[in-house]
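Contents: one structure, followed by commentary.
The values are calculated or read from the model by the stated rules, or taken from the named source; none is laboratory data. Keep in mind that this is a model prediction, so the values were computed, not measured. Don't worry about glycine lacking a Cβ; one is built from the backbone with ideal geometry, like all the others, and counts go over all protein chains shown.
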Amino acid sequence: MEIKKATLEDCQLIHEMAWKVFPETYKGIISPEQTDFMMDWMYSIANITKQMIEEHHIYLIAYHHGQPAGYVSVQPQGKDVWHLQKIYVSPEYQMSGVGSFLFQQAIKYIKSIHPEPCTMELNVNRNNVAVGFYERMGMHKDRSEDSDIGNGFEMNDYIMAMEI
């Protein structure tokens with residue numbers, strides 16, 4: 001597998017991969033209406049561009065035999081806190097090690113620009129099976145958070161954390 005730091009030219013690719021992964025991941029967890037709302041909120045090309053330029057999200061894209069297989073994004077949240085904003089693997093590559101690879105690449109990237117000890121956090125829906133994946137990766141449930149994200153929708157998350 002290979003990893004590539006995304007550029008603005010990759011916004012379309014990230015958008016396309018998100019449409020393959022996000023609705024399937026959250027089917028049965030959130031409503032189709034909330035899925036559509038969140039896709040526009042997080043994954044429109046304009047919003048991905050804004051995340052990269054204004055919000056300092058760093059996207060890393062995993063390639064398996066030259067094909068895009070998934071992506072992860074991290075964002076600085078404070079002096080010694082980084083947020084793993086997104087990690088998604090295309091359905092055809094799930095259970096193949098791509099998720100673990102992306103998770104490790106996120107840590108590697110953070111440590112490359114922030115070598116001091118820090119905390120990496122992420123939000124994950126409390127009903128998402130990915131909670132178990134993150135626990136296997138060494139994260140722990142730090143707290144719960146219910147957030148009004150607009151349009152009458154809420155996110156009901158665990159905030160998971162680990163020291164890196």
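Being farther than 22 Å from Ser147 by Cα and in contact (Cβ under 8 Å) with a residue 60 or more places away in the chain narrows it down to one of Glu16, Glu2, so name that one.
On the way: Glu16 fails: in contact (Cβ under 8 Å) with a residue 60 or more places away in the chain.
That would be Glu2, the only listed residue that is farther than 22 Å from Ser147 by Cα and in contact (Cβ under 8 Å) with a residue 60 or more places away in the chain.
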Which condition breaks for Ile48 when tested against (1) free of Cβ contacts under 8 Å to residues at least 40 places away in the same chain; (2) among the aliphatic types (A, V, I, L, M); (3) in a strand (DSSP E or B)? (3)
Within the range 70-106, which residues are buried (at least 18 other Cβ atoms within 10 Å of the Cβ) and of a type in the set (Ser, Thr, Tyr)? Tyr71, Ser73, Tyr88, Ser90, Tyr93
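Identify, from the list Leu8, Leu60, Leu84, Leu102, the residue that is of a type outside the set (Val, Ile, Thr) and farther than 24 Å from Glu163 by Cα. Break it down stepwise before answering.
Working: Leu60 fails: farther than 24 Å from Glu163 by Cα; Leu84 fails: farther than 24 Å from Glu163 by Cα; Leu102 fails: farther than 24 Å from Glu163 by Cα.
None of the others qualify; the one that does is Leu8.
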Since Ser73 meets every condition but one in (1) modelled with pLDDT under 95; (2) more than 19 Å from Val129 (Cα to Cα); (3) among the polar types (S, T, N, Q), which condition does it not meet? (1)
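For every residue, the table says whether it meets (1) within 12 Å of the chain's Cα centre (by Cα); (2) over 14 Å from Cys11 (Cα atoms); (3) of a type outside the set (Val, Ile, Thr).
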| site | (1), (2), (3) |
| --- | --- |
| Ser44 | no, no, yes |
| Ile53 | no, no, no |
| Leu60 | yes, no, yes |
| Asp80 | no, yes, yes |
If I ask for residues that are among the aliphatic types (A, V, I, L, M) and exposed (fewer than 13 other Cβ atoms within 10 Å of the Cβ), which ones from the range 29-69 would you list? Ala46, Ile53
Filter the range 107-164 for residues that are in a strand (DSSP E or B), without any contact (Cβ under 8 Å) to a residue 40 or more places away in the chain and either among the charged types (D, E, K, R) or on the phi > 0 side of the Ramachandran plot (or both) and give the result. Lys141, Asp142, Arg143, Glu145, Asp146, Asp148, Glu154, Asp157
